[in-house]
1. Enumerate the amide H contacts of residue 39 below 5 Å, restricted to partners 5 or more residues apart or on another chain; note that Pro and chain-start residues carry no placed amide H.
2. Calculate the spin-label point distance for residue 1 paired with residue 111, positioning each point 7 Å from the Cα along the beta-carbon direction, and give it in nanometres.
3. Length gain on complete extension for the stretch residue 55 to residue 35, per 0.36 nm per residue less the alpha carbon to alpha carbon distance?
4. Checking a compactness column here: for segment 31-107, what do you get for Rg(Cα) / (2.2 N^0.38 Å), N being the number of residues?
5. Quick test of the membrane-span-like rule: which DSSP H helices of the chain reach at least 24 Å along their long axis (C-alpha atoms) with mean Kyte hydropathy at least 0.5?
6. What distance in nm separates the two pseudo spin-label positions at residue 69 and residue 128, each 7 Å out from Cα along the beta-carbon direction?
7. How would you rank 129-137, 109-117, highest first, on the average number of other Cβ atoms within 10 Å across their residues?
8. Rg/Rh for the chain: what does it come to with C-alpha atoms and Rh from Kirkwood?
Amino acid sequence: MEIFIIGLAVVALMVFVSTKIKKSAAAAYDSETVETEEFKLFKPEGFIYPLNDDSGLAFVANSKDWGKNEASKFRQARAALRVISNSDFKIICENAKKSAGKIKSKNFVKDAPAGQKIFTLEGETLEDTVKILTFWKIVESRRKIYELRAAVIENYAEDFADKINEMTASFTVK
């Protein structure tokens with residue numbers, strides 16, 4: 001009888017811990033504001049921001065799910081921010097244009113905050129046989145260039161377009 005009671009207690013503890021872990025993991029995909037000393041942006045629901053990322057990028061966010069079929073090796077959506085020192089804003093913008101594939105829109109923001117230059121770009125590329133829609137927001141501020149690049153597999157664009165637009169629109173350099 002004692003073994004039965006101990007077994008029940010262990011099972012109850014395992015259920016409790018498992019539930020806490022599941023809730024914690026689900027919360028990682030909730031929306032949040034990511035703010036550092038240099039920038040601020042809104043990470044929409046459905047993206048995870050790994051805190052201990054060793055990519056060398058200032059910010060990385062990935063969708064929870066992967067593509068299907070020929071897109072199975074790609075996340076449905078992803079975003080990354082790199083900070084570049086000692087470079088030229090125009091060169092970074094030109095490099096983005098070259099890697100954008102088919103350019104859908106490009107714009108130098110005219111009402112940028114004082115001391116900043118901002119360039120936005122939307123493109124369409126093929127990675128393997130998968131059509132990827134890519135969105136850039138490039139900001140020059142205090143002799144650094146911040147390049148936010150978000151991408152979504154075309155088949156999932158309807159699910160992520162508003163979220164990516166919200167993320168890029170909220171991205172500001174302090």
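1. The list, which skips near neighbours in sequence, is 174.
2. 7.8 nm
3. Working: separation 20, 0.36 × 20 = 7.20 nm, distance 1.83 nm.
Full extension from residue 55 to residue 35 adds 5.4 nm.
4. On the way: Rg = 14.8 Å, N = 77, 2.2 N^0.38 = 11.5 Å.
Dividing the Cα radius of gyration by 2.2 N^0.38 Å gives 1.30.
5. TM-like helix candidates: 2-27.
6. Distance between label points: 1.3 nm.
7. Working: 129-137: 19.1, 109-117: 10.9.
Top to bottom by mean Cβ count within 10 Å: 129-137, 109-117.
8. Values: Rg = 20.5 Å, Rh = 18.1 Å.
Looking at the chain, the ratio lands at 1.14.
The values are calculated or read from the model by the stated rules, or taken from the named source; none is laboratory data. What you see is a predicted model, and the numbers here were worked out from it, not measured in a lab. Virtual Cβ from ideal backbone geometry, glycine too; neighbours counted across all protein chains shown. SASA here: full protein model, heavy atoms, side chains in, ligands and nucleic acids out. Shrake-Rupley method; radii C 1.70, N 1.55, O 1.52, S 1.80 Å.
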